[in-house]
1. Please find, within the stretch 226-242, the residue that is nearest to Val190 (Cα to Cα) out of those that are within 38 Å of the chain's Cα centre (by Cα) and surrounded by fewer than 15 Cβ atoms within 10 Å (Cβ to Cβ).
2. When you scan the stretch 145-174, how many residues do you find that are assigned to a helix (DSSP H, G or I) and either among the acidic types (Asp, Glu) or in contact (Cβ under 8 Å) with a residue 40 or more places away in the chain (or both)?
3. For the stretch 63-114: of the residues being closer than 28 Å to Gln156 by Cβ and acidic (Asp, Glu), which is surrounded by the most Cβ atoms within 10 Å (Cβ to Cβ)?
4. Do the conditions hold for Thr198, that is, is it of a type in the set (S, T, N, Q), touching a helix residue (DSSP H, G or I) at 6+ places or on another chain (Cβ under 6 Å) and surrounded by 15 or more Cβ atoms within 10 Å (Cβ to Cβ)?
5. Does the stretch 201-208 contain at least one residue that is touching a Lys or Arg at 6+ places or on another chain (Cβ under 6 Å) and in contact (Cβ under 8 Å) with a residue 24 or more places away in the chain?
6. Quick check on this structure: which one of Pro60, Pro91, Pro117 is more than 14 Å from Ile41 (Cα to Cα), modelled with pLDDT of 95 or more and of a type outside the set (Val, Ile, Thr)?
Amino acid sequence: MRRLSDRISVFATWETLLLICCLAGARIAFAASAPTGATAITPIDSIREAARTAATRLIPSTDGKVIAEPAALDPRLRLARCEQTLQAVAPAPRQAQTRIYVSVSCAAGATWRINVPVDLSVERAVLVLLTPISRGQPIAAVAVRAEHRRVPGLTQRYIGGVAGLKDVVARRTLSVGEVLTADALIAAKVVTRGQQITLLTEVGGIAVRAPGIALADASLNQRVRVKNAASQRTVEGRVESADIVRVAP
């Protein structure tokens, strides 16, 4: 029995030594494959800053402060140091887009590329609903409150003043506390089918008017088919107001 236990002890010792050797070899191989030294690594913050700069450069800001915030990157990310300024390319964001992906790359001293998610937001004046609004309902000035907020997306998405509520209605049901966006509104129909309107045209610099009938609903500045009540001819014109449609001579 003693010889058997001695053999087991020797076998376990050799097995332990073999495991230690394998782990040491793996550690050496990993160290050899990774960039060496602090200066050989591209800092994660510089990658995120390159993405932020590229995104901000693409976004026009006519109203409010645009904020581009790159997502946090994996702290274990180890990309070789680039010998020139990092290159960053971002697609032009759409109006309703709240996130874009910026391609950050290196082509000098090392070759790598990484896509960095960047969240877009803006600090600006917005209108917040004080009462619920039904689909197709116009929104009165007393139904909203102006606030300064940081909101997702681009500045063009949002209605910043009560002037933006003129001649529009709700595209869908809107809730109390909701921030008004352009895509939540549609142009109101100012002309309805069967409505009596005035046809307006110019002949030789002289304005000529004639009675007519609208053949379809239409919004301001929208083209609509109308019938000349006098000649019974059907023509097409552009809605200028709730009772005037301008037609070509």
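1. Ranking the qualifying residues of the stretch 226-242, first place goes to Ala242.
2. Qualifying residue count, the stretch 145-174: 3.
3. Glu69
4. Against the criterion (of a type in the set (S, T, N, Q), touching a helix residue (DSSP H, G or I) at 6+ places or on another chain (Cβ under 6 Å) and surrounded by 15 or more Cβ atoms within 10 Å (Cβ to Cβ)), Thr198 does not qualify.
5. For the stretch 201-208, residues touching a Lys or Arg at 6+ places or on another chain (Cβ under 6 Å) and in contact (Cβ under 8 Å) with a residue 24 or more places away in the chain: absent.
6. Going through Pro60, Pro91, Pro117 in turn, just one is more than 14 Å from Ile41 (Cα to Cα), modelled with pLDDT of 95 or more and of a type outside the set (Val, Ile, Thr): Pro117.
The values are calculated or read from the model by the stated rules, or taken from the named source; none is laboratory data. For clarity, every value in this text was computed on a predicted model and none was experimentally measured. FYI the Cβ positions are ideal-geometry reconstructions off the backbone, even for glycines, and counts take in every protein chain you see.
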